[in-house]
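The values are calculated or read from the model by the stated rules, or taken from the named source; none is laboratory data. Source: prediction; values computed, not measured. Neighbour counts run over all protein chains shown; Cβ positions are idealised from the backbone, glycine included.
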Amino acid sequence: MVLIDGKAIAEDIRRELKEKVDSVRKQHAKVPGLVTIIVGDNPASRLYVNMKSKACNEIGMMSKIEELSADISEEELLQKVKQYNNNTEYHGILVQLPLPKHINEDRVIESISVSKDVDGFHPVNTGNLMIGKDTFYPCTPYGIKELLKRYDIETKGKHVVVVGRSNIVGKPIANMMLQKKEGANSVVTVCHSAANNLSVYTKQADILIAAIGKANFITEDMVKDGVVVIDVGINRIEDPATKSGYRVVGDVDFENVAKKASYITPVPKGVGPMTIAMLLVNTFEAFTKIEKV
Ligand SMILES: NC(=O)c1ccc[n+]([C@@H]2O[C@H](COP(=O)([O-])OP(=O)(O)OC[C@H]3O[C@@H](n4cnc5c(N)ncnc54)[C@H](OP(=O)(O)O)[C@@H]3O)[C@@H](O)[C@H]2O)c1
């Protein structure tokens, strides 16, 4: 069994990007810029935004956190986004979700310039993903694809079973693996909570992608020998033995499923660290396209 080390791969990606950023700075006297817009003071959102900003700075990209009050109107937020659409210093715009209830998230996402939508959530980009055109892949699914690629895991003709159909993980990764492209070209099955007898599907998986949000949900009896397991789940469970009183586990019962797997991602240090790394990749990509460098 090979443990897929997402932390190490994410570090490789950041190092590679830092070299690219240094090089464009020298050649063109410009660097990629990412603005992250946060509305209100949700502690989890704040933590994510700070991590993204720090990651940008570490590789020499420019980063700004635009902090807006929780009672900002939808119109004011749309104006802010528009302002950054027209700002030539920022090549990527990310609006941290969730937004307060009085703001229509879809309208806000749709207001982001398609060419700066580094989260890949704009409907034009999701549509382009589906029809196999050039687009920004959403960061977590993009991270999964990159892990498969960097571990030389064959995907062509393989049966990829995705459990979960969210717009941020399940649906995009299913669409990405379906494309007639290198690193994809798989036969894809998507499962969700209405599936009768889920293990009928999961047992057929050559590559199983679990994006469910339920601790240790995928058990040993649900997979076949030699399966490649990608665990997207991040779940807190109580653990009196730890200082914090909890620990983080995935959607897969790692200890037992690992015995049957050929490759498996751990939680933490599997898919998790890839998300920010791929956000940086998308921001660099946006920069090269916008600046034509
Ligand atoms: N950076 C990262 O590593 C990262 C990024 C994003 C998410 N995550 C984690 O990944 C997990 C999934 O996130 P998400 O945003 O995709 O979650 P989500 O929006 O809650 O979607 C969960 C999906 O799982 C399906 N599901 C729930 N119970 C099921 C069951 N008993 N059998 C089969 N399918 C079932 C749901 O089906 P229905 O559609 O029928 O409800 C839904 O499609 C979470 O733990 C989240 O924290 C990690």
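Data for the structure
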{"read-out": "Flag if residue 202 is within 14 Å of the ligand (Cβ to nearest atom), in the same structural domain as residue 268 (by TED's automatic domain parsing) and either more than 22 Å from the chain's Cα centre (by Cα) or polar (S, T, N, Q) (or both)", "value": "yes"}
{"read-out": "Matching option when the condition is among the small types (Gly, Ala, Ser), free of Cβ contacts under 8 Å to residues at least 40 places away in the same chain, more than 16 Å from the ligand (Cβ to nearest atom) and not in a helix (DSSP H, G or I), among 215, 184", "value": "184"}
{"read-out": "Every pair of residues 6+ apart whose Cβ atoms lie under 6 Å, when the first sits in the range 160-176 and is in contact (Cβ under 8 Å) with a residue 60 or more places away in the chain and among the small types (Gly, Ala, Ser) while the second is within 10 Å of the ligand (Cβ to nearest atom) and in a loop (DSSP other than H, G, I, E, B)", "value": "164/211; 164/212"}
{"read-out": "Failed condition for residue 197, given (1) in a loop (DSSP other than H, G, I, E, B); (2) within 15 Å of the ligand (Cβ to nearest atom); (3) in contact (Cβ under 8 Å) with a residue 12 or more places away in the chain; (4) not small (Gly, Ala, Ser)", "value": "(3)"}
{"read-out": "Subset of the range 1-41 [outside any helix (DSSP H, G or I) and either of a type in the set (D, E, K, R) or under 30 Å from residue 254 (Cα atoms) (or both)]", "value": "1, 2, 3, 4, 5, 30, 41"}
{"read-out": "Top-ranked residue of the range 232-259 - restricted to ones that are touching a Lys or Arg at 6+ places or on another chain (Cβ under 7 Å) and more than 10 Å from the ligand (Cβ to nearest atom), ranked as farthest from residue 173 (Cα to Cα)", "value": "239"}
{"read-out": "Whichever residue in the range 143-169 is in a loop (DSSP other than H, G, I, E, B) and within 29 Å of residue 105 (Cβ to Cβ) and, among such residues, is farthest from the ligand (Cβ to nearest atom)", "value": "167"}
{"read-out": "So residue 120, is it under 15 Å from residue 283 (Cβ atoms) and in contact with a Cys (Cβ under 8 Å, 6 or more places away or on another chain)", "value": "yes"}
{"read-out": "Residues satisfying the stated conditions in the range 63-89, i.e. over 25 Å from residue 43 (Cβ atoms) and in contact with a helix residue (DSSP H, G or I) (Cβ under 7 Å, 6 or more places away or on another chain)", "value": "78, 82, 85"}
